[in-house]
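Trainee: Sharing a structure here in structure tokens format.
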Amino acid sequence: MNEPLRSYVYVREGRMIVWIGIVTIIAFVIGSIPFGVLLAKLFRLPDPRGIGSGNIGATNMLRTGHKGVAAFTLLLDALKGAIPVMIGGFIIGTVSYAAQGIHQNPYAVNQGAAYALLIALLAHCYTPWLKGKGGKGVATALGGSIIFSIYIAWPLSLAFCATWLLVFVFTRYVSLASIVALLTLPVMAAITLDPGTAILFGLCAIISIWRHRSNIERLKLGTEPKMGRK
């Protein structure tokens, strides 16, 4: 490789690292906001960390007895996935390439959006503001996949939502429906998009399913509560 070309590659790669760093920071900050805890304090409800499963997501917020706050938590947690997806796809797939005089790279858009969702999901599940505790990531993954579908590929959120609904209707297990739905993300990404994006969505699924490990154990023992039953 001649010297001018080598210098150009180094500058291009250096700029990309900077853009990825910016996306990482933005996605992590947004994903780390513990809306469940903040809303519980705002509406003077019990701290979700001290009831039920102890996580800060919408399902556990239902146990505070306030359905409206639980729904608001679901919406805000979904936005924690949706906003980073839009930002990640735009910055990594469009802005970073435009700065180099190159047209938008569709693979970079896909992977930038999926990468941002991965970081937001990590921050949501292991938020530093709660000493590494957080939610289970289903609402965040849902919000991210919906925006990803609108922005890039519609089959992703369709598969996620349809799978969740079907499993839930037949079993009434929220946890089982969430786990199976999460597995559709990397599968659909592999079918409709590219391997890199599928791997990133696979990591998202692994993180969230790992957070469901206590639910998986209860499902094995037959002690997992069904929605609608006390």
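The values are calculated or read from the model by the stated rules, or taken from the named source; none is laboratory data. From a predicted model like this one, the values you see are computed outputs, not experimental measurements. Ideal geometry is used to build each Cβ from the backbone, glycine not excepted, and the neighbour counts take in all protein chains shown.
Trainee: Tell me, yes or no, whether segment 32-44 has at least one residue that is farther than 25 Å from C125 by Cβ, at pLDDT 75 or above, within 28 Å of the chain's Cα centre (by Cα) and assigned to a loop (DSSP other than H, G, I, E, B).
Mentor: Looking for residues that are farther than 25 Å from C125 by Cβ, at pLDDT 75 or above, within 28 Å of the chain's Cα centre (by Cα) and assigned to a loop (DSSP other than H, G, I, E, B), one finds at least one in segment 32-44, hence yes.
Trainee: On the basis of being within 23 Å of A58 (Cβ to Cβ) and hydrophobic (A, V, I, L, M, F, W, C), does I199 make the cut? It would help to see each step written out before you state the result.
Mentor: Numbers: within 23 Å of A58 (Cβ to Cβ): no; hydrophobic (A, V, I, L, M, F, W, C): yes.
No, not satisfied.
Trainee: Look at segment 204-230 and say how many of its residues are under 17 Å from the mean Cα position of the chain (by Cα), assigned to a helix (DSSP H, G or I) and buried (at least 18 other Cβ atoms within 10 Å of the Cβ).
Mentor: First, the residues of segment 204-230 that are under 17 Å from the mean Cα position of the chain (by Cα): 204-212.
Adding the requirement that they be assigned to a helix (DSSP H, G or I) leaves 204-211.
Now narrow it down to the ones that are buried (at least 18 other Cβ atoms within 10 Å of the Cβ): 204-205, 207-209, 211.
So the answer is 6.
Trainee: Name, by its number, the condition in (1) under 18 Å from G31 (Cα atoms); (2) touching a Ser or Thr at 6+ places or on another chain (Cβ under 9 Å) that does not hold for L118.
Mentor: Result: L118 passes all but (2).
Trainee: Across segment 109-159, what is the total count of residues that are without any contact (Cβ under 8 Å) to a residue 60 or more places away in the chain, under 25 Å from G54 (Cβ atoms) and within 15 Å of the chain's Cα centre (by Cα)?
Mentor: Residues meeting the conditions: 1.
Trainee: What are the residues in segment 165-191 that are of a type in the set (V, I, T) and under 19 Å from the mean Cα position of the chain (by Cα), if any? Show your work before the answer.
Mentor: Applying the first criterion (of a type in the set (V, I, T)) to segment 165-191 yields 167, 169, 171, 174, 179-180, 184, 187, 191.
Within segment 165-191, V174, I179, V180, T184, V187 meet the criteria.
Trainee: Can you report the number of residues in segment 124-152 which are outside any helix (DSSP H, G or I) and buried (at least 19 other Cβ atoms within 10 Å of the Cβ)? Give the derivation first.
Mentor: Within segment 124-152, the subset outside any helix (DSSP H, G or I) is 126-127, 131-137, 152.
Still in the list and also buried (at least 19 other Cβ atoms within 10 Å of the Cβ): 127, 134-137, 152.
Total satisfying the criteria: 6.
Trainee: Quick one: A120 ticks every box in (1) over 25 Å from N110 (Cα atoms); (2) at pLDDT 95 or above bar one, so which box is it?
Mentor: Going through the list (1) over 25 Å from N110 (Cα atoms); (2) at pLDDT 95 or above, A120 breaks only (1).
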